[in-house]
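Any read-out appearing in this document is the output of simple, stated calculations on the displayed coordinates, not a laboratory observation. Remember, predicted model here, so these are calculated numbers, not experimental data. Every residue, glycine among them, receives a Cβ derived from its backbone with ideal geometry; neighbour counts consider all protein chains shown.
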Amino acid sequence: MSQRRKFIKQSLMGSAFLIPGLEAVSRPIPSKETFSKPLILSTWNHGLSANEAAIHTLKSGGSILDAVEVGVKDTELDMDNLSVGLQGLPDREGITTLDASIMTGDGSCGSVAFVRQIKHPISLARAVMEKTPHVMLAGEGARQFAIAEGFPLEKEELSPKAAEAYNEWKKTSQYKPIINIENHDTIGMIGMDAEGNLAGSCTTSGLAYKMHGRVGDSPIIGAGLYVDNEVGAATATGLGESIIRICGAFLIVELMRQGRSPREACQEAVRRLISKNKNIKDIQAGFLAMNKEGEVGAFAVHPGFNYAQATLQKNVLIDSKSHF
Ligand code: GLY
């Protein structure tokens, strides 16, 4: 076979490198690793317990929407978690405000932002999706809607751990938004049922000691969460401002639509985020995605990001690759 014909054949078989003066060498196309359905992914180690709750919901006959709601409700109640739910760290005025969003693969979505006194903002986001003509309710309006829907209002007081941390922070009141492995934030969950229907959820108390009124990426459809049954789903964690700037989750789904794998799409989103944000050494952000074939991918700016991945058989924590 001539060198040229050999090269063309190798190019068709897989990726090929033609090094001047040397024969073309080929490497096999990496085989796609796909996971069985149903499949649930969640950000960070708190995702392990959330995934358990989501898988249990599916096994009990719940829908994928039920699963991603119930899954993150587990984290919203976790008193050891200082980045999700009413026990999360407060803003700089000492008030805990919550953001959440939920979405299904047919384009239905709902979210709440800057909401107070609600134990399960993810359920309120679902109520916005299912019971209003709107996508997003914020602040006092979201709270009024919650009251009308029968959500109990919780007492506005910091959890003992949050109070201790806040009192310590007040000694210097240094406003330096850093999210890293010690101060990781947000649970984002994406899932696919046995039939290939997708849904996702995202809930957080947001950046610790943020300005009062600050809203992050988590309740913004397309930033913290995006789901499309035609393609796949993505969610984000980390400094919300950096993620909003690149419409992170939507970007990843659109890159997957164009043929990138979940991992390649997450890596490209990180590259884009780095190019659009200054002081990148102080910014952590991570992305997590799946496509409708059941491929999974993640990528972060800095080391330390991990995610939990559950099928009916097992639920494991996986370290994400990172840019730095
Ligand atoms: N990623 C959550 C936030 O920035 O609020």
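The table below lists the values:
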quantity	calculated
In the range 180-288, the trypsin sites (Lys or Arg not before Pro) that fall in loop regions by DSSP, at most 11 other Cβ within 10 Å	LYS278
Distance violations [Cα-Cα > 20 Å] among LYS73/LYS321; LYS59/LYS131; LYS170/LYS278; LYS32/LYS321; LYS73/LYS170; LYS37/LYS292	LYS73/LYS321; LYS59/LYS131; LYS170/LYS278; LYS73/LYS170
The range 229-281 shape via C-alpha gyration tensor axes, a/c threshold 1.5	prolate
Whole-number percent relative contact order across the range 72-162, with pairs defined as alpha carbons under 8 Å at least 6 apart	28
For the range 243-324: rounded, prolate or oblate by the Cα gyration tensor [a/c cutoff 1.5]	oblate
Spacing of the two label points (7 Å from each Cα toward its C-beta) at GLN144 and THR311, in nm	5.0
Spin-label model distance (nm) - LYS171 vs GLU157, 7 Å beyond Cα toward Cβ	2.5
Cα gyration tensor of the range 93-229 - equivalent ellipsoid semi-axes, whole Å, descending	28, 18, 12
Scaled radius of gyration (Cα, divided by 2.2 N^0.38 Å) that the chain gives	1.06
Relative contact order [Cα under 8 Å, 6+ residues apart], the range 177-303, whole percent	24
Furthest towards positive pole of dipole, GLY240, SER173, ALA199, structure part the range 133-250, Cβ charges	SER173
Nearest-20 debye value, the chain charge dipole, Cβ charges on Lys, Arg, Asp, Glu	1380
The chain: relative contact order as a whole-number percent, Cα under 8 Å and 6+ apart	20
